[in-house]
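See below for the structure under consideration.
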Amino acid sequence: MKNILSKIAFILVISIVLYSCSITKRVKDGERLLMKNEIIKNDKKDNSEELSKLLYQHPNSNLLGYRIRLNLYNLAKVDADSSYQEWLKRHPKTEKSLTALLSAKQVNRLGNSFIVAGYSEIFKSLGEAPVILDESRTQKAVLRLKNYFFNQGYFNTKISYKIDSAEYKKAAVEYVINTGHPYYLDSIYAQVASEEFRNLYTKSIRASLLKSGEQYNATNLDLERDRITTYFRNNGGYDFQKTYINYEVDTLNTPQRADITVLIDDKTIKKGDSLIKEPFRIYRVKNVNYYVSDAVSSKSELTDSVRYNGITIHSKGPLNYRPKTIANANFIEPGGVFSDFRRTLTSRSIGNLKVFNYPSIEYIKDSADSTGTTLNANVYLISKKKYSFNPSFDITHSNIQQVGTQATIGMSFRNVFKGAETLDVSVRGNIGSSTSKYRNQENMFFDILEYGADIKLSFPRFVFFTQTDRIIPRRMFPTTNLSIGYSSQQNIGLDKQNLTAVFNYNWTPQRRNNISVDIMNLQYVRNMNPANYFRVYKSSYDRLNEIADETNTNPEYFDTNGNLTIPEGGESFIKDVLTGNTDLQPNEDNYRVVRSIAERKNRLSENNLILASNVTYTKSSRFNLNDNDFYTFRTKIETAGNVMGLIAQTQNNRREDGTRTFLDVAYSQYIKTEIDFIKYFDLGNKNVIALRAFGGIAIPYGNSRSIPFSRSYFAGGSNDNRAWQSYRLGPGRSGGINDFNEANMKIALSAEYRFNVTGPWNMALFADAGNIWNALDNVEDKEMTFNGLSSLKDMALGTGIGIRYDFSFFVIRLDTGFKTYNPGIKQGSQWFRELNFSKAVFNVGINYPF
């Protein structure tokens, strides 16, 4: 209680201090604090970000109307050192004592120390200086607004402004805009000086962005310049630049109509002391030369050469790469016209090989050509080191693991078979301490041991299926990945051994679009210690114990404390219930609970054999990491068990329940599909709205009545619904009664508003909605299953606030989530009953959640 009262008192004191500060405290006489900008466009208020960001001055930022950063700035001393010196003058005895203790020089330096000026510097860095109205900047904003509307075709825009300074030391600015009527494009002409380029322009005129009848827009004129320049430079215009394109706009002939003439001049070159004009010509590539070296080799040391598919490859001694590999990455055709696109494609293709540093590509005019229109293309490649060593060390934390340390040692081997193949080999080990809930009987602190190894071989082409160029050409960068991995977990849980093998094809149909196909995705999970099930899944054991205590259970199943022994007592009691050796009847709730526990135990403790194939399609409009206005769409479909079923039929091995087995393991059979959509909206000034929608379902059939744990869904955690811990939400409205709650259907929706506080510090307000359900599998409990649209009321809602620190190359975040709507508690208490810090969930994560 004392702690709560002290916190309340602290918050009240801070609030009083902040509110007691006048926001005009740092505003001098004769100055005015800018409180508001208002834009009136054609007699209507316009609050759009597009117009607002054109103004040169903006009021201090506020949070829910309160200018917290301005008040923080006002708490700081303007000149802490001067204040300190004045204080010394008023206290000569104190100055004398300090000088005797330190020295006169050190006493003077105290004015800039953290003790004297530290808190002021902190408040200044976190705060925001008052924005003082500068009328000259207001006038500049008027000019900028006029230019903006002029560029949109409003050639007769009239703009004025008014300054409201009725409040003491405060001002508001009102901009009044009358755009008038816009101008529209009428006739469009072209004057191209070069005959060769005139023919090129005529071929591309249908793709023009300038259309008669559309509103005049300077942005479209600039985009048309880019289009023409790109077209020319991809069709032989080696020395053409955007600056040679100009426009002539005529608005005199017809009211509100503008005639546009596209002017494309000849190039200007210097001869002696004179500048002369020459027509642009179309250039062709004569020779393509590749120079392959290591970081220390010079061009003069490249003594060997190989000619392949029209290109010449120079190297120091015998070439360490198959010529076909380099030729397949080349898109600069000897005899073809110069093309920027082909140069860029070649650069990306070489980068995709992952055995060279970023290539350097230059074009040199052929001195032997009298016409002066041929080029030699030289591509310089520097090989990466053949071997690289990649050690890493991590500290981990999870639901089971209280603390853990993981070390990984990786080695990369490049150009393994001289075809730019890459072999990655890694081994890893982890020791950790489990939470007390899962601690073993020996009660050792480090009671978790995990180790494993992975091997991955990548080919910059398709292997096995080689005749695919017509369907998937080289420009789509086809890649083949073969991988195999093994991991083992001991000392806790079911002591799983996991073997995986993947045969994958990957290609890029268009830039920022990707297709990945797992021809084979094999996973074999072996549980070495299934007898430990009830020690791991304590919730199931506790519920089983309660039922056994209320039932005519064989006394031999209990230990001296009256609990079912593990595993014999629990397993024997389940068997008695299901075979009718107790007084529980199939129509009773407790019987159904025991049956459900038995089915879940069998599913989670049995070995899994999954042989799947899947296709994943990803499309994104994001250009780079700083792009905050984009979307990403990903969809995946996976099917498992069909090939395994054909193999199992030849052996005809069946269990009592009818399931087929392969090597005495029941294989999984299911179909699974997912859709994931992310959309970012850039609001300007580092304000971003991010949205995410995810839906997935896995339906068992044939040889399976449920989905393997490794392929099921869970809810909660730092990248999901942040008001719940991982595996603690759902299924449905069951209330997360199991230790690890999972199901075969999931819906997740998230919205996040991100904004900058100061410097690298950012904050976010978020809302996460969603849940998991069982659907079309062997779970019958209606609280856990999806029963049509009515089950959407089981969608949980978590809201919260996050703090982020941006290191530029990654972000560390702390999100605090509150259970706003909890479908797992009784009706009438589901909304807003858990909005307190005692029930909040804190999530630490790296980078953004989506």
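Among the numbered criteria (1) more than 30 Å from SER426 (Cβ to Cβ); (2) among the basic types (Lys, Arg); (3) in a loop (DSSP other than H, G, I, E, B), which one does ARG343 miss?
Against the list (1) more than 30 Å from SER426 (Cβ to Cβ); (2) among the basic types (Lys, Arg); (3) in a loop (DSSP other than H, G, I, E, B), ARG343 comes up short only on (3).
Suppose we keep only residues that are farther than 19 Å from SER706 by Cα and surrounded by 21 or more Cβ atoms within 10 Å (Cβ to Cβ) within the range 763-777. Which one would you say is farthest from the chain's Cα centre (by Cα)? Before the answer, list the steps.
Going through the range 763-777, the residues farther than 19 Å from SER706 by Cα turn out to be 763-770.
Still in the running and surrounded by 21 or more Cβ atoms within 10 Å (Cβ to Cβ): 766, 768, 770.
Working: PHE766: 16, ASP768: 17, GLY770: 20 Å.
Only one residue tops the list, namely GLY770.
Out of LYS679, LYS672, I need the residue that is touching a Phe, Trp or Tyr at 6+ places or on another chain (Cβ under 7 Å), surrounded by 13 or more Cβ atoms within 10 Å (Cβ to Cβ), in a strand (DSSP E or B) and outside the structural domain of ASN62 (by TED's automatic domain parsing). Which one? Quick ask: steps written out before the conclusion?
Values: LYS672 fails: touching a Phe, Trp or Tyr at 6+ places or on another chain (Cβ under 7 Å).
The match here is LYS679.
Testing LEU319 on (1) farther than 22 Å from SER458 by Cα; (2) part of a loop (DSSP other than H, G, I, E, B), one condition comes back false. Which one is that?
The failed condition is (1).
Residues ILE574, ILE566: which one is part of a loop (DSSP other than H, G, I, E, B) and modelled with pLDDT of 90 or more?
ILE566
Can you find a residue in the range 512-526 that is free of Cβ contacts under 8 Å to residues at least 40 places away in the same chain and not aliphatic (A, V, I, L, M)?
No: zero hits.
Being touching a helix residue (DSSP H, G or I) at 6+ places or on another chain (Cβ under 8 Å) and more than 30 Å from ASN47 (Cα to Cα): is that true of LYS242 here?
yes
Could you count how many residues in the range 208-229 are within 21 Å of SER339 (Cβ to Cβ) and either in contact with a Cys (Cβ under 8 Å, 6 or more places away or on another chain) or surrounded by 15 or more Cβ atoms within 10 Å (Cβ to Cβ) (or both)?
Final tally of qualifying residues: 6.
Can you tell me which condition LYS2 does not meet? The list is (1) among the charged types (D, E, K, R); (2) at pLDDT 50 or above; (3) on the phi < 0 side of the Ramachandran plot, and all the others hold.
Status for LYS2: all satisfied but (2).
Please work out which residue is farthest from TYR667 (Cα to Cα), limiting yourself to the range 511-547 and to residues that are under 34 Å from the mean Cα position of the chain (by Cα) and among the basic types (Lys, Arg).
ARG511
Name the pairs: first residue in the range 411-424 and among the aromatic types (Phe, Trp, Tyr), second residue part of a strand (DSSP E or B), Cβ to Cβ under 8 Å, at least 6 apart or on different chains?
Cβ pairs passing all conditions: PHE413/TYR387; PHE413/THR422; PHE413/LEU423; PHE413/ASP424; PHE413/VAL425.
Which one of the conditions (1) in a helix (DSSP H, G or I); (2) within 45 Å of the chain's Cα centre (by Cα) does ASN590 fail to meet, given that it meets all the rest?
(2)
Can you find even one residue in the range 625-642 that is outside the structural domain of LEU63 (by TED's automatic domain parsing), over 21 Å from the mean Cα position of the chain (by Cα) and not in a strand (DSSP E or B)? Can you show your working first?
So in the range 625-642, the residues outside the structural domain of LEU63 (by TED's automatic domain parsing) come out as 625-642.
If we keep only those that are over 21 Å from the mean Cα position of the chain (by Cα) too, we end up with 637-642.
Next cut, not in a strand (DSSP E or B) only: 641-642.
Within the range 625-642 (the criterion being outside the structural domain of LEU63 (by TED's automatic domain parsing), over 21 Å from the mean Cα position of the chain (by Cα) and not in a strand (DSSP E or B)), the answer is yes, since at least one residue qualifies.
Which pairs do you get when a residue that is in a strand (DSSP E or B), found in the range 829-850, comes within reach of a residue that is among the basic types (Lys, Arg), reach meaning Cβ atoms under 6 angstrom, with the pair 6+ apart or on two chains?
GLU834/LYS819; ASN843/ARG722; GLY845/ARG813
For the range 151-260, which strands (runs of 3 or more DSSP E) that fit wholly inside it have 2 or more residues that are within 30 Å of ASP134 (Cβ to Cβ) and not assigned by TED's automatic domain parsing to the domain that holds THR344?
The strands (runs of 3 or more DSSP E) meeting that bar are 158-164, 170-178.
Taking the range 712-751 as the region of interest, how many residues are buried (at least 21 other Cβ atoms within 10 Å of the Cβ) and assigned to a strand (DSSP E or B)?
7
Would you say GLU546 is out of contact with any Ser or Thr (no Cβ under 6 Å at 6 or more places or on another chain), surrounded by fewer than 13 Cβ atoms within 10 Å (Cβ to Cβ), part of a helix (DSSP H, G or I) and of a type outside the set (A, V, I, L, M)?
Yes: the conditions hold for GLU546.
Being modelled with pLDDT under 95, in contact with a strand residue (DSSP E or B) (Cβ under 9 Å, 6 or more places away or on another chain) and more than 30 Å from SER212 (Cα to Cα), is that true of even one residue in the range 142-158?
Scanning the range 142-158 turns up no residue that is modelled with pLDDT under 95, in contact with a strand residue (DSSP E or B) (Cβ under 9 Å, 6 or more places away or on another chain) and more than 30 Å from SER212 (Cα to Cα).
Applying the selection to the range 733-762, what residues are within 30 Å of PHE123 (Cβ to Cβ), among the polar types (S, T, N, Q) and over 17 Å from the mean Cα position of the chain (by Cα)? Steps first, answer last, please.
The initial filter retains those residues of the range 733-762 that are within 30 Å of PHE123 (Cβ to Cβ), namely 752-762.
Still in the running and among the polar types (S, T, N, Q): 756, 758, 762.
If the condition is that a residue be within 30 Å of PHE123 (Cβ to Cβ), among the polar types (S, T, N, Q) and over 17 Å from the mean Cα position of the chain (by Cα), then ASN756, THR758 are the ones that fit.
Is there a residue being exposed (fewer than 13 other Cβ atoms within 10 Å of the Cβ) and either of a type outside the set (A, V, I, L, M) or over 25 Å from ALA368 (Cα atoms) (or both) anywhere in the range 285-293? If you could, list the steps in order and put the result at the bottom.
Start the filter on the range 285-293 by keeping residues that are exposed (fewer than 13 other Cβ atoms within 10 Å of the Cβ), which leaves none.
No, the range 285-293 contains no residue that is exposed (fewer than 13 other Cβ atoms within 10 Å of the Cβ) and either of a type outside the set (A, V, I, L, M) or over 25 Å from ALA368 (Cα atoms) (or both).
When you scan the range 362-376, do you find a residue that is within 25 Å of THR479 (Cβ to Cβ), modelled with pLDDT of 95 or more and in contact with a strand residue (DSSP E or B) (Cβ under 6 Å, 6 or more places away or on another chain), even just one?
No, the range 362-376 has no match at all.
Regarding ARG470, is this residue surrounded by 13 or more Cβ atoms within 10 Å (Cβ to Cβ), outside the structural domain of TYR321 (by TED's automatic domain parsing) and either within 30 Å of ARG512 (Cα to Cα) or modelled with pLDDT of 75 or more (or both)?
So ARG470 fails the test.
Does ASP495 count as closer than 29 Å to TYR670 by Cβ and surrounded by fewer than 18 Cβ atoms within 10 Å (Cβ to Cβ)?
yes
Scan the range 336-350 and tell me whether some residue there is surrounded by fewer than 17 Cβ atoms within 10 Å (Cβ to Cβ), without any contact (Cβ under 8 Å) to a residue 60 or more places away in the chain and in contact with a helix residue (DSSP H, G or I) (Cβ under 8 Å, 6 or more places away or on another chain).
The answer is yes; a qualifying residue exists.
Restricting to the range 497-516, name every residue that is part of a strand (DSSP E or B) and among the basic types (Lys, Arg).
Hits for the range 497-516: nothing passes.
Please go through the range 827-836 and give me each residue that is of a type in the set (A, V, I, L, M, F, W, C) and over 11 Å from ALA723 (Cα atoms), ordered by number.
TRP831, PHE832
The values are calculated or read from the model by the stated rules, or taken from the named source; none is laboratory data. Here the structure is a predicted model, which is why all the values come from computation and not from measurement. Using ideal geometry, Cβ is built from the backbone for each residue, glycine included, and neighbour counts are taken over all protein chains shown.
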